[in-house]
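Since every read-out is calculated from the coordinates, none of them should be taken as a lab result. From a predicted model like this one, the values you see are computed outputs, not experimental measurements. We place every Cβ from the backbone using ideal geometry, glycine too, and count neighbours over all the protein chains shown.
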Amino acid sequence: MAFEAALVRVLVAAFAPRALMLSAHDIALGGLLVTAAEMAIASAPFDVECARRTRARSAASCFSEMGGVVVEVGDASWEEFTARLEAALRAACRESAVP
């Protein structure tokens with residue numbers, strides 16, 4: 001899971017200074033739902049609201065160790081966060097010649 005840990009560091013460096021991202025956690029042991037639970041427990045006092053933006057289609061996929069990252073973004077920052085993330089991904093794809 002070294003890639004995911006590095007990705008978390010990149011996301012924090014890129015978005016935390018502008019307060020666009022509140023936290024990030026790599027998806028590892030236990031999968032997506034365990035990661036979300038760990039983040040909720042760490043954010044006491046448990047004010048949790050979750051919007052799922054994933055292609056997961058089954059319960060098994062929610063617990064598989066598929067890799068990736070879960071980010072916490074405040075409502076007020078969501079539009080700017082997603083716009084900046086999409087722009088960064090497009091730039092990375094252009095640099096790597098990925099269509």
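Annotation for V34 and T82: the two label points, set 7 Å from Cα along the Cα-Cβ direction, are 2.9 nm apart. Amide hydrogen proximity for E72: with H placed 1.01 Å from N in the peptide plane, the residues at 5 or more positions away or on another chain lying under 5 Å are L22, S23, A24.
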